[in-house]
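Some notes on the structure that comes next.
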Amino acid sequence: MTVYTIHQPHPRKDEDTTHPDRFVFVREGFYFWAFLLGPLWMLWHGLWLVLMFYLAAAAAVQAGLWALGMPAAVTSFVWVLIALLVGFEAASLRRWTYKRRRWDNLGPVVAPDRESAERRFFDSWTAGSWTADNPPAPQAAPSPPTSMPAPQSAPAVIGLFPEPQPRR
């Protein structure tokens, strides 16, 4: 199951707040395209400030590697690590951008895919059970069967040492 966070911009006075296109679902997890093409992925999603920070940090890292006289293999390894970091933190970068733009984080929803997450969210949202402060609780796992025997009391021994016994 995948976790999605739902974001909605603050409504304006003359805006329709019930339109479903206002919501953005951000998937948790690794973003392959952010790993492979980080700056282009940032441009595609409108993460302008994140892109500026990335470019400044990239220039600083490249200048530091050049000043230290690192070989090409080390430089390549560092860039792969940076790309991995961007791929793993892509969802956090998007959420940070939405928060900075004063969007509301309506909470998480757990679903196998985005379509199911949207369906689950909009079903509870239209029913009135979803609010920004009180999202519905995830469905609990089924309880274990009650016909299992009770566990036996364990001896008061820790580790692999035998219980103390009298000498023979």
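The values are calculated or read from the model by the stated rules, or taken from the named source; none is laboratory data. The structure displayed is predicted, hence computed values, not measured ones. Cβ sites come from the backbone with ideal geometry, for glycine too, and all protein chains shown count toward neighbours.
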Top-ranked residue in segment 109-153 [being among the acidic types (D, E) and under 21 Å from the mean Cα position of the chain (by Cα); ranked as modelled with the lowest pLDDT]: D133
M42 vs. criteria surrounded by 15 or more Cβ atoms within 10 Å (Cβ to Cβ) and over 23 Å from P11 (Cα atoms): yes
The lone exception for G128 - which of (1) outside any helix (DSSP H, G or I); (2) touching a residue at least 12 places away in the same chain (Cβ under 8 Å); (3) within 20 Å of H10 (Cα to Cα) it fails: (2)
Those residues of segment 46-78 which are in a helix (DSSP H, G or I) and either loosely packed, with under 10 Cβ neighbours inside 10 Å or touching a residue at least 40 places away in the same chain (Cβ under 8 Å) (or both), in sequence order: L49, V50, A67, L68, A72, A73
Options L81, L85, L106: the member that is in a helix (DSSP H, G or I), surrounded by 12 or more Cβ atoms within 10 Å (Cβ to Cβ) and either of a type outside the set (K, R) or modelled with pLDDT of 90 or more (or both): L85
Neighbours by Cβ (under 6 Å, 6+ apart or cross-chain): first from segment 25-36, without any contact (Cβ under 8 Å) to a residue 24 or more places away in the chain; second not in a strand (DSSP E or B): W33/W41
